[in-house]
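This report refers to the structure that appears directly beneath it.
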Amino acid sequence: ETLLARLSAVDARGALTDAGRQMLALPLPPRLARVVVEGQARGVASEACLAVALLSERDIRIAARTDVGGRGGRRGSSHDLGGPSDVLELMDRFAELSDARFDARRASYMGLDARAASAVARITKQLTSAVRQRAPRPDGVDAVDRAVQLALLAGFPDRIARRRARGERALTLFSGKGARLSETSVVHDAPLMIALDAEDVGREVVVRLASAIEPDWLMELFPGMVEMNDELVWSAASEQVEQLGRITFGSVVLDEERKPAPPSAQASALLAKAARAKIAELDPDGKILGVAARLALVAQHFP
């Protein structure tokens, strides 16, 4: 029920929404059905159907694919150069193999599984025949790509992940857990993404397929899930109490601002707590307690 609410399939009372009724008409699980419905609304129904087919079937890339990488496609990207979305990259590679009529030899050369790609083609055809476009098609490749990425986000709002540092593959998931972006992913630079396919391999969670998103897209699609919080924190770096403003989506921090906290009882309490911790660090034997006792005695008799 929580997932259906996040997908806008049901309203606050639990009743089906218009999007929910459209999802119900599709032979797909809720997440993938939501992707198709959003794709219809954004004029990229056929692309959304292909994306869903790629996500629902086994990976069209063969096991020994890490040294093959993407071959550019219509976006001119490659595995080495990176790209905005693993799904868009797969769509490009599928299109290349489709142009080759799913020839097994050509597929092997491209590092693709011809049988898996043929299954994706069948599912795409079935889905495309069952849906219709509900909006004008975006103008240009970039606009189409953006619409597909937004459709993917609509189906996976609780799979948001943030890169912990630029250039690293360590991620923080919507749940707060840590994860690692697979070496095969083309999403090299995006700080914010959707973890479309993640697997717990024991010691860590590996995100195999990701798609970059923009913070503004979350405000557009899920304004009720974006939270703004202000709190006072002690900063050991600046040695002062700071006011921390955060915009979060689940456990993922979208934006953060720090500034010196104005005087208040709460700020004073945090400062005192930090001072006590510092005293304990500088006086491990507790000699300050004797000083405090003498001061208390003086204060009692000579207020």
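The values are calculated or read from the model by the stated rules, or taken from the named source; none is laboratory data. Because the structure is predicted, anything quoted here is derived from the model rather than measured. We place every Cβ from the backbone using ideal geometry, glycine too, and count neighbours over all the protein chains shown. Areas reflect the complete protein model, heavy atoms only, side chains present, ligands, DNA and RNA absent. Shrake-Rupley method; radii C 1.70, N 1.55, O 1.52, S 1.80 Å.
Can you tell me the accessible area per residue over the chain, all protein chains present, probe 1.4 angstrom, in square angstrom?
That works out to 56 Å² per residue.
Counting only C-alpha contacts under 8 Å and six or more residues apart, can you give the relative contact order of the chain as a whole percent?
So the answer I get is 14 percent.
Given the Cα atoms of the stretch 184-236, and with Rh set as the inverse mean 1/r over their pairs in the Kirkwood sense, what is Rg to Rh to two decimals?
That ratio equals 1.11.
Counting only protein heavy atoms and using a 1.4 Å probe, what share of the accessible area of the stretch 127-173 belongs to carbon plus sulfur, as a whole percent?
45 percent
Quick one, can you get me the convex hull of the C-alpha atoms of the stretch 93-229 expressed as volume per residue in Å³?
Given the Cα convex hull of the stretch 93-229, per-residue volume reads 164 Å³.
Across the chain, how many lysine pairs, 8 or more apart or on two chains, come within less than 23 Å at their alpha-carbon atoms?
Lysine pairs, 8 or more places apart or on different chains, close enough: 4.
Evaluate the charge dipole of the stretch 109-204 about its Cα centre and quote only its size in Debye, nearest 20, assuming +1 on the Cβ of each Lys and Arg and -1 on the Cβ of each Asp and Glu.
Using only the charged Cβ atoms, the result is roughly 240 debye.
How large, in percent, is the carbon and sulfur part of the accessible surface of the stretch 211-279 at a probe radius of 1.4 Å?
Ligands and nucleic acids excluded, carbon and sulfur give 53 percent.
Which number comes out as Rg/Rh for the stretch 149-303 once both Rg and the Kirkwood Rh are worked out on C-alpha atoms?
1.20
Tell me, what is the Rg over Rh of the stretch 221-303, with Rh the Kirkwood radius over Cα pairs?
For the stretch 221-303, the value is 1.21.
Quick one: compute the contact order of the stretch 78-193, relative version, from alpha carbon pairs under 8 angstrom and 6+ residues apart, as a percent.
32 percent
Using only helices, what value at 222 nm comes out for the chain when you add -39,500 (n - 2.57) per DSSP H run of length 4 or more and divide by the total residues, to the nearest 500 deg cm²/dmol?
So the helix-based figure for the chain works out to -13000 deg cm²/dmol.
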